[in-house]
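Each remark here refers to the structure printed beneath this line.
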Amino acid sequence: MRGGGGDRLHRHAAAAMAAPALAGLALFVALPFVAAVVLSFTDQRLGSPLASRFVGWEQYRRLLADPLFRRAIANNLSFAAVVVPVQTGAALGLALLLNRRLAGRAIFRALFFLPVVFPMALVAVVWVVIYAPGPSGPMNALLAAATGGAWSPRDFLHDPAWAMPALILLSIWQGVGFQMVVLLAGLQAIPAELYEAAVVDGASPWGRFLHVTLPGLRSPLIFVAVVTAILAFRLFDQVRIMTRGGPNGATTTVIFEAVAAAFDRQEVARGAAITVIFFLLVVAITAAQRRLLRPRGVAR
Amino acid sequence: MAWVAACGLALVYVAPVAMMVAGSLKPDARVLAEAGSWRAISLAGASLANYRDAFIRVDLGRSLLNSLVITTSVVILGLGVNSLAGYAFARMTWRGRGWLFAAVTALMVLPFEAIAVPLFYGVSLLGWRDSYSVQILPFVANAFSIYLFYTFFLGLPRELEEAARVDGAGPWRTFVEVVAPNARPCFATVAILTFLTQWGSYLWPLMVTGGPRVRPLPVAIAAFYTLPPRAWGDILAFGVVMAAPVVLLFLLFQRAFVRGVATTGVKG
Amino acid sequence: MARVELNGVAKRFADGSWGVRDLSLTVEAGELLVVVGPSGSGKSTLLRLLAGLEGVSGGEIRFDGEVVNDRSPQGRNVAMVFQNYALYPHMSVRANLAFPLRMRRLARREIATKVKQVAATLGLTELLERKPAQLSGGQRQRVAMGRALVRDPGLFLMDEPLSNLDARLRAEIRTEIAAVVRRTGITTIYVTHDQVEAVTLGDRVAVVRAGILQQVGPPEALYRRPANTFVAAFLGTPGMNLFRTVVRRGEEGVTLDLGGRRLPLAPEAVAAYPDLDRRLGEPLIAGLRPEAFVAADTVSAASRIEARLTAVEHLGHETLLYLDAGVETVDPETGGGAPTRRPLAARLPGLVRAPAGDTLSLGVTTEKLALFCPDGGALRG
């Protein structure tokens, strides 16, 4: 292929157009990520006058032996184990509800979606009020009313048994609208003829849900579940603001530990090693998504 | 039936927001005391005193300004930088395009949390903390935005750009005068997604801001809420101010919001 | 007004396929050349090479003697009308017309005047504030023309500009285009797959197939003396009848074999092929236009054939008859191939009342006979 003068101009323009973004990604994403891997094999501390040493797998070894870090991973896993199915199921319910002809449907959709646009820091602070201890706390009052007064008020965020469920509930409340919108778009993409054909074939409403709706939602459902799973491992803002990982490590998470190490205690190398482990977890989830989507090749 | 269920669920969504707004209007002591009853949302004795306090006690105005400066900078710079890159990848031929694009899509899986620690270390070494730029520049280039622009530009009719070239426009003019004006929906989607992410960003500003000078709203409200004595009315007033811009934008551009979020889902 | 020369121009795509191969062609300044060929023949690629939207892989393109291979589209002063018009959807008609002038950095006042002029010539004055989406197909077509004309280009390229219009509008705009191009005197290269458009519009017509130029010349020349069987069959509806034949010289004079019958060959046809003497008795391909068939009573008995009618199409002013004359027809794409027996098409004026299945007697006139070698190329004249 012979390049002309006009083509050269064209190529220069292309390089100039792509350059700022590529430079930004290289400098602020790719480079730090490589740095994370390198740092994780040292004992680097922030502001330490001592030169950093290569310590091999020492950081990883220490981390995996640290009960608090193991607790963090376990917390992330249990958070994901509850949030992924419950939030996806709730989102599916809401999407099915709003996929009908319903008076004020647009208003309901806007309401359920609204918390998604709120900053998590704000949601966390408001829910601190909701979880307020004592009988005047809204959640306590609600539960007392629901149980006919049998409920004894407690301090949710400082109760080792209740802190994590409290975070889970608020996270679902905040995030379900996102999944709902994705699934609603998926529902609307299912051709009406399929439902009509199923009716003609004598399928019950449940049969239609099982044989038309669910297969039609396969891709968005997998997507939604994967995004939620990744979000579950990114869990940080609520924890930092509402419980600071407590009480007694009951709500600590992988990222919370990373920030605590690198930022609060200046142990950059340890934070970097946690980062790498976090990244491997995310990659594993993404790989699982690819696998799930491959077999039937129904990805839209 | 369905409608009753929807209304019940709507209550679950309205109640916390209503409580926040009502609480922001009443004296601090009454916020928690009344939170457990219907009076949580009563507006009796409403006043704007809490708002005045929030602006004075923690300099809400400063944080609001910081958030606005940081967020709009990231949105505007990001739209420019990422749309150009998306265009170069979608429509222009240049050496290295193929593998660089593969690299960009690979970076999409990397959540910010995976680079926060080393990035924090880097900017600390450079003495770059406590500035606007450290909260803006790292977030301008965004692999996912590039990808959204890329797919959108692929769908535009190629003839438009060819017509512009024949009409005498160079690559830059073609982009500015012909391509960009026809990509408004995509610009809107990317702007909204960037805005939401930045406005709510907490982890990074928490690490790089040491005081109120360049601190954005999420860090400020978290700090305010731990500041004794806890004045709940003021805190909730702060929250209302923080939520107002996003809610306003959401109500104005609801369609674009929902589409923006849904496209991220469909494309995944 | 540029004179355009193409010298051995070739375009090979990244996937290895050829767009255009070794194409040489000259378009005189002010000429309207129509490039015609089936889809995928490389005619659009040729336009894109001329516009500078694609770079050539070989050969050279000259405008007024100057090589422009390396010039970008904006450096070539060409204007182009695209198949789908490619009007800028976000701009009004006025802004669309002004766009190429703005890119040339003309003064604002000058732009306004030129836009007004062009709008007036094309009858767009009322539509200046509209957006393309608010225009009809014909109006969009005119805006696209206006956008190309407004800046006095040296070369005007049109890529199937009528293909998105309905039949009636197409004829109307075709005459309009011809008038505009003649009036402005801009060198124009017009690409189409429609051979009717080609012959009605072009000063000269270039026929391309699979990236290779088949023949270029005035429409009548191409119609009368096609360079090969492909051109012969491509031009005209229906195209030229092609069948295997042998020319002999005997006591009845020179004869043409048509399905076993020996028809006397008109002296004009004999004179047109001086080489014919050396080809006597050899297999050849004969080409007869449908209008070579006439009513039986207008020719001598020797020039008549009997043929079974396989189909009849009444077009009002004329009738198309499809005849099984017992000849072995030829695939125009290759000139050879497996023997086929397709019916011959005959065009007779007026209404011919004859049902399919009948056997009919028709006269054959051979004055305009075309002869081809078995490989499909025209016999040297």
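Exposure proxy ranking for A:Arg290, A:Arg109, based on other Cβ atoms within 10 angstrom of each Cβ and starting from the fewest, stands as A:Arg290, A:Arg109.
Compute the long axis of helix C:108-121 from its Cα atoms, compare it with the longest principal axis of the Cα atoms of chain C, and write down the angle in degrees, 0 to 90, nearest 10. The angle comes out at about 30 degrees. Rounded to the nearest whole angstrom, the semi-axes of the ellipsoid equivalent to chain C, taken from the Cα gyration tensor as √(5λ), stand at 46, 24, 16, largest first.
For the stretch C:276-366, report the translational diffusion coefficient in µm²/s to the nearest whole number, using Stokes-Einstein at 25 °C, 0.890 mPa s, and a Kirkwood Rh over Cα pairs.
The estimated diffusion coefficient comes to 172 µm²/s.
When the P(r) is computed for the stretch B:1-120, the part past 18 Å accounts for 75% of the Cα-Cα pairs. For chain A, hydrophobic long helices are taken as DSSP H runs at least 18 Å long by C-alpha position along their axis with mean Kyte-Doolittle hydropathy of 1.0 or more; these are A:67-98, A:105-117, A:163-188, A:218-234, A:268-293. Under a 5 Å amide H cut-off, with hydrogens placed 1.01 Å from N, C:Val208 pairs with C:Val36, C:Gly37, C:Gln214 among residues at least 5 apart or on other chains.
Compute the acute angle (0 to 90°) between the alpha-carbon long axis of helix C:167-184 and the principal axis of greatest extent of the alpha-carbon atoms of chain C; round to the nearest 10°. In chain C, helix C:167-184 runs at an angle near 70 degrees to the longest axis.
Highest mean packing comes first when the peptides A:265-271, B:114-120, C:282-288, B:251-257 are listed by Cβ atoms within 10 Å, giving B:114-120, A:265-271, C:282-288, B:251-257. The charge dipole of the stretch A:67-293, taken about its Cα centre with unit charges on the Cβ of Lys, Arg, Asp and Glu (plus for the first two, minus for the last two), comes to roughly 180 debye. For the stretch C:254-327, trypsin sites (Lys or Arg not before Pro) are listed when DSSP marks them as loop and at most 13 other Cβ atoms sit within 10 Å of their Cβ; the list is empty.
Given the stretch B:51-267, what whole percent of its Cα pairs are spread farther than 31 Å? Above the 31 Å cut-off, the stretch B:51-267 has 31 percent of its Cα pairs. This ranking places C:His317, A:His158, A:His12, C:His193 by how few other beta-carbon atoms lie within 10 Å of each, fewest first, which gives C:His317, A:His12, A:His158, C:His193.
Under 5 Å between amide hydrogens, built in the peptide plane, is the criterion, and for C:Glu54 it picks out C:Leu49 among residues at least 5 positions away or on other chains.
Translational diffusion of the stretch C:171-255, estimated by Stokes-Einstein from the Kirkwood radius over alpha carbon pairs at 37 °C in a medium of 0.692 mPa s, is 219 µm² per second. With the convex hull of the Cα atoms taken as the outline of the stretch B:1-47, the averaged projected area works out to 3.4 nm². 3J(HN,Hα) along the stretch C:87-98: 6, 6, x, 8, 10, 5, 4, 4, 5, 4, 5, 7 Hz, from the Karplus curve 6.51 cos²θ - 1.76 cosθ + 1.60 with θ = phi - 60°, whole Hz, x for Gly and Pro. Sparsely packed loop sites in the stretch C:64-164 (the GluC sites (Glu not before Pro) outside DSSP H, G, I, E and B with at most 12 other Cβ atoms within 10 Å) comprise C:Glu129. Once you reduce the stretch C:351-376 and the stretch B:4-51 to the center of their Cα atoms, the two points are 95 Å from each other. Extent of the stretch A:67-293 along its three principal axes (Cα atoms, max minus min coordinate, largest first): 65, 47, 27 Å. Amide hydrogen proximity for C:Ala325: with H placed 1.01 Å from N in the peptide plane, the residues at 5 or more positions away or on another chain lying under 5 Å are C:Leu344. Post the alpha-carbon centroid distance, the stretch C:15-69 to the stretch C:225-301, in whole angstrom. If we compute the Cα centre of each part, the gap is 35 Å.
Rounded to the nearest Hz, the phi-derived 3J(HN,Hα) couplings of the stretch C:320-327 under the Karplus curve 6.51 cos²θ - 1.76 cosθ + 1.60 (θ = phi - 60°) are 9, 10, 10, 10, 9, 9, x, 9, where x marks glycine and proline. Shown for chain B are the DSSP H helices of 27 Å or more along their axis, judged by Cα atoms, with a mean Kyte-Doolittle hydropathy of at least -1.0: B:2-23, B:60-91, B:232-252. Scaled against the 2.2 N^0.38 Å expected of a compact globular protein of N residues, the Cα radius of gyration of the protein assembly as shown reads 1.30.
Residue by residue, the stretch C:63-78 carries 3J(HN,Hα) couplings of 10, 6, x, 9, 6, 10, 2, 8, 7, 6, x, 5, x, 9, 6, 10 Hz when phi is fed to the Karplus relation 6.51 cos²θ - 1.76 cosθ + 1.60 (θ = phi - 60°); x denotes Gly or Pro. Over all orientations, the stretch C:222-280 has a Cα convex hull whose mean projected area works out to 4.6 square nanometres. With neighbour counts taken as other beta-carbon atoms within 10 Å, the residues C:Val150, C:Val78 rank, fewest first, as C:Val150, C:Val78. The calculated 222 nm mean residue ellipticity attributable to helices in the protein assembly as shown amounts to -15500 deg cm²/dmol, summing -39500 (n - 2.57) over DSSP H runs of n ≥ 4 and dividing by all residues.
Bear in mind that the values in this text are calculations on the coordinates, not laboratory data. Just so we're clear, the structure is a prediction, and the values are computed from it rather than from any experiment. Heads up, the Cβs are rebuilt from the backbone with ideal geometry, glycines too, and the neighbour counts pull from every protein chain shown.
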